[in-house]
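Trainee: Okay, here's the structure, questions in a sec.
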Amino acid sequence: MSGTVSLPANVVPVRIRLSRDDVILRIGLFCLITLLAIAVVFPLYTLLSKSLEDIDGKYVGLQNFREYFETPALFSSITNSLTVAISVALIVLVIAFVYGYALTRTRMPLRWLFRGIALIPILAPSLLAAISLIYWFGNQGVLRSWLGESSIYGPIGIIIGSCFWVFPHALMIIVTALSTADARLYEAAEALRTPKWRIFFTVTLPGAKYGILSAGFIVFTLVITDFGVPKVIGGRYNVLATDVYKQVVGQQNFEMGAVVSLILLLPAVLAFIADRWVQRRQIALLSPHAVPFQPKSHPLRDGILFVFCLIVSIILISMLAMAVYASFVTFWPYNLSLSLKNYNFDVMDGGGWEAYFNSIRMAIYCAVFGSGLIFFGSYLVEKARGVTWLRTILHLGSMLPLAVPGLVLGIAYIFFFNHPENPLGFLYGTMGILVICTIVHFYTVSHLTCLTALKQLDPEFEAVSLSLKSPVWRTFGKVTLPVCLPAFLDVASYLFLNAMTTVSAVVFLYSPETMLASVAVLNMDDAGDIAPAAAMALMIVYTSAVFRVLHALLARFINSRTQVWRTR
Amino acid sequence: MPDSNQVYLRIENLTKHFGEFVAVSDLSLEINSGEFICFLGPSGCGKTTLLRAIAGLDPQTAGRINQAGKDISDLPVSERDFGIVFQSYALFPNLTVYQNVAYGLENQRLPRQEIHKRVTDLLELVGLPEQIEKYPAQLSGGQQQRVALSRALATSPGLLLLDEPLSALDARVRSSLRLEIRALHQNLGITTILVTHDQEEALSMADRIVVMDQGRIEQVGTPIEIYSNPASPFVADFIGVMNFIHGEVTSPGLVSIEEKTLKCNTENIPEKSNVRVTVRPEDILCHSELIESPNTLEVKVKSLEFLGSFYRLFISGPTGFEELMADLSIKQVHEQNITPESTLNIELPTNRLLIFPEIS
């Protein structure tokens, strides 16, 4: 083997005997890798092979792909998708950067409020933005005249709607990048009498560069793989995500669905790789000795930015507010009196209140089982001793889901779990498959959150515990988990919120018994019941908001009980 | 007290590879029962690797380790008998001082009262009886390291491993803790290995020092042996401050340096070979008037550095002696009125000169 020094022939290499802990951890690693293989790798493989088959399951090579590129109606979606995703990425980056700059680098008043308002879209499914836009600018919309000749049904609507729901995702990354500023750099620049604009371009911007790039990739991926917004407001403007849905659900052409989803996978994977590359650079920028930056007050700058944030906030709120108003209006636009008629889901198609309660059940399962599983997985990746190759495989497996759009995952699950020979086929159409799919879909971000928390622990804790003859599970329960509890709760909360709002993966997997609220929104909108769709989307928002508050209270309670040691 | 001449830890032909890098190379060492040993060397010399191999944390690639008459070479960490203290303290942040120290005892399922007694005794021993209910973050660095030490000692291990335990502390705390650890060792008689890159720490604490470089042992000996009789130019240079002068052995007992000839002990070194003559700055004598001795030189003072209890003179003499350092007491510097540009007569005493053959 190259790259290693070999021992002289007469020397026997030492092999350490495995302790019981080592055996337990190895079994854990093995189980998790198997789980991820079943839940991610095998379905994706089935998807790939499906794209190379005809309707009868015969291997036809690239025939389906050829057909795809020879059909202009399908082919044009690629340009459409790219146009929309790149436009949204550019618009959102500019707005989120200015907004994030105002939040982190100024003494503008009400920063905490602006921060909170910016997070509103996270509580809602992406569909909500599109529904709200219909009420503002649709054919019977309040501000229809503002658009003149053009229509909201098409690229304009998709772009505005997407900007709304991806805004907090971009903002959070940029805020993080801007908050890690090192005050000493600014002091040095000022001591050298550097003009303010030059400090901005030579210190501020380079420091946030990787954060901005990373946010750009995330936004691009979110938009290109989202299908809620284009489905509701896209009109006849086809994008890749809606094509997948149409091929599979509309035309039952599974093979073509597989082809389109693989094409959708490509930009997502590229953006994923680029993002990982950028993230790796970002870490190197942080010095452990950095002194936190304390912004100084600057009335003119702060005032201008205040107005900017105010306008953005008003737009964000008005999107939500219009949906709230419309959901209470009895019959838009003819009877504007307020009533609860639209919340009477049981008399409408789309799953009724049961769908809502299914969603809550699913979100709880995801939060409980998902966070436990993911934390254990990241613990094994970070803390298991030896067997580097197994840990690397588990880590790569944990990173993979981020590159797979929800729609693609959903289709892959159909092919894999619905296959007549799959012994796991009993899961198909159950709550179980929805929970598994959702956990997998949001696995990577949770995994990284846990990993970050675990990396902050002293790497010698395990060594000390071993020297004190402490079994691995005891240190895990007494030290590792309690210290990481805040991150653990964040993950549970993240999984709950996303399980409530997600549409893309589950839209292929629900059955009449496991209808979900977010899917109900889609179906009611499809059936023309836009107001009830808004009402159901708002039920998700209300629930998510209540959950957020509960999480904050619980976190505060637990912090006061168990995290005393954090304060000096 | 354990028998001090009994070998407690025997390391035989230990080798550790990290891919292409050989961190420890075919190293053998014996440590006696109750000894305080320091592994000393520059960073990357393999001292921490050796310690972690003894603990089983990073097992050796090849070689045997025998502890208390038992071959532990392939035992997992949890079946070995040692306590360990790290530079980062590695105290469990969510447990109180008491809970930290009791952690290992609880694994042994001892009765409550016994644990309580042992913990309070230990904390008394390290001088922290009042801090029992505090969390690590509420303690100073020195206090945290004392807690870490108590935790490592709580289960009465046969071997105490200290991995640069003082490096994160400031100078004053470091020197007081140095004395305390030394006293604790004397008190408990536990075989102890300390890894450090700080020679002062090693010289002041160790019974024996193991000087390492590039994965090999350069010298093993008591602090005084190592300092006054370094076995190699590396040890001479690494421990303390040393002047190096290049020359050639012309005849037994004589080394010529350009136009000058020095008298020194050339035992075991053949004639005509190139050598390095070494002398410690504090061994250089400075005379106010010229004296008749073969090893005197006339030198010029380039600069003086005040180092608190003495002056270090940077001096320059004839060819071959351009860069020398000599340490003089403050009194002597004032009495002889030495300033930059002064001219001095210095003597390199024959019995303080060590010579090493030049490696070609």
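Trainee: Are there helices (runs of 4 or more DSSP H) fully within segment A:400-458 with at least 3 residues that are among the small types (Gly, Ala, Ser)? List them.
Mentor: Here the list reads A:406-417.
Trainee: What about A:Leu553, is it closer than 30 Å to B:Ala137 by Cβ and within 26 Å of the chain's Cα centre (by Cα)?
Mentor: Criteria met by A:Leu553.
Trainee: Something else: Can you name the residue in segment A:527-551 that is in contact (Cβ under 8 Å) with a residue 24 or more places away in the chain and not aliphatic (A, V, I, L, M) and, of all such residues, is farthest from A:Lys246 (Cα to Cα)?
Mentor: A:His551
Trainee: B:Gly127 versus (1) touching a helix residue (DSSP H, G or I) at 6+ places or on another chain (Cβ under 9 Å); (2) at negative phi; (3) more than 11 Å from chain A (Cβ to nearest Cβ): which is the lone unmet condition?
Mentor: Checking B:Gly127 against (1) touching a helix residue (DSSP H, G or I) at 6+ places or on another chain (Cβ under 9 Å); (2) at negative phi; (3) more than 11 Å from chain A (Cβ to nearest Cβ), the one that fails is (2).
Trainee: Test of understanding: among A:Tyr443, A:Tyr510, which residue is closer than 30 Å to A:Arg385 by Cβ, at pLDDT 90 or above and among the hydroxyl-bearing types (Ser, Thr, Tyr)?
Mentor: It is A:Tyr443.
Trainee: Taking the options A:Gly528, A:Gly432, name whichever one is on the phi > 0 side of the Ramachandran plot and either away from every other protein chain (no Cβ under 13 Å) or surrounded by 23 or more Cβ atoms within 10 Å (Cβ to Cβ) (or both).
Mentor: Going through A:Gly528, A:Gly432 in turn, the sole match is A:Gly528.
Trainee: Counting only residues that are buried (at least 21 other Cβ atoms within 10 Å of the Cβ) and within 17 Å of A:Arg15 (Cα to Cα), which one in segment B:74-87 is nearest to the other protein chains (Cβ to nearest Cβ)?
Mentor: B:Val77
Trainee: Sort through A:Leu90, A:Leu133 and tell me the only one that's surrounded by fewer than 18 Cβ atoms within 10 Å (Cβ to Cβ), part of a helix (DSSP H, G or I) and at pLDDT 90 or above.
Mentor: It is A:Leu90.
Trainee: Let me ask something else. Taking segment A:493-512, which residues are assigned to a helix (DSSP H, G or I) and either of a type in the set (Gly, Ala, Ser) or within 14 Å of chain B (Cβ to nearest Cβ) (or both)?
Mentor: A:Ser493, A:Ala499
Trainee: Looking at segment A:465-492, I want the residues that are on the phi > 0 side of the Ramachandran plot and at the interface with chain B (Cβ under 7 Å from one of its Cβ atoms) and have a partner that is in a helix (DSSP H, G or I) and of a type outside the set (D, E, K, R) with Cβ atoms under 9 Å, at least 6 apart or on another chain. Which pairs are those?
Mentor: Partner pairs satisfying both residue conditions: A:Lys469/B:Ser78; A:Lys469/B:Gly104; A:Lys469/B:Asn107.
Trainee: Check A:Leu48, A:Leu29, A:Leu35, A:Leu44 and return the single one that is touching a Lys or Arg at 6+ places or on another chain (Cβ under 8 Å), more than 14 Å from chain B (Cβ to nearest Cβ), assigned to a helix (DSSP H, G or I) and on the phi < 0 side of the Ramachandran plot.
Mentor: Result of the check over A:Leu48, A:Leu29, A:Leu35, A:Leu44: A:Leu29.
Trainee: Separate question: Can you find a residue in segment A:352-374 that is in contact with a strand residue (DSSP E or B) (Cβ under 6 Å, 6 or more places away or on another chain) and surrounded by 13 or more Cβ atoms within 10 Å (Cβ to Cβ)?
Mentor: Taking every residue of segment A:352-374 in turn, none turns out to be in contact with a strand residue (DSSP E or B) (Cβ under 6 Å, 6 or more places away or on another chain) and surrounded by 13 or more Cβ atoms within 10 Å (Cβ to Cβ).
Trainee: Which is touching a helix residue (DSSP H, G or I) at 6+ places or on another chain (Cβ under 6 Å), under 30 Å from A:Thr444 (Cβ atoms) and of a type outside the set (Asp, Glu), of A:Ala326, A:Ala355?
Mentor: None of the other options fit; the residue is A:Ala355.
Trainee: Return yes when B:Ala183 is part of a helix (DSSP H, G or I), without any contact (Cβ under 8 Å) to a residue 24 or more places away in the chain and either within 13 Å of chain A (Cβ to nearest Cβ) or surrounded by fewer than 20 Cβ atoms within 10 Å (Cβ to Cβ) (or both) and no when it is not.
Mentor: Yes.
The values are calculated or read from the model by the stated rules, or taken from the named source; none is laboratory data. A quick note: this is a predicted structure, and the numbers were derived from the prediction, not measured. Heads up, the Cβs are rebuilt from the backbone with ideal geometry, glycines too, and the neighbour counts pull from every protein chain shown.
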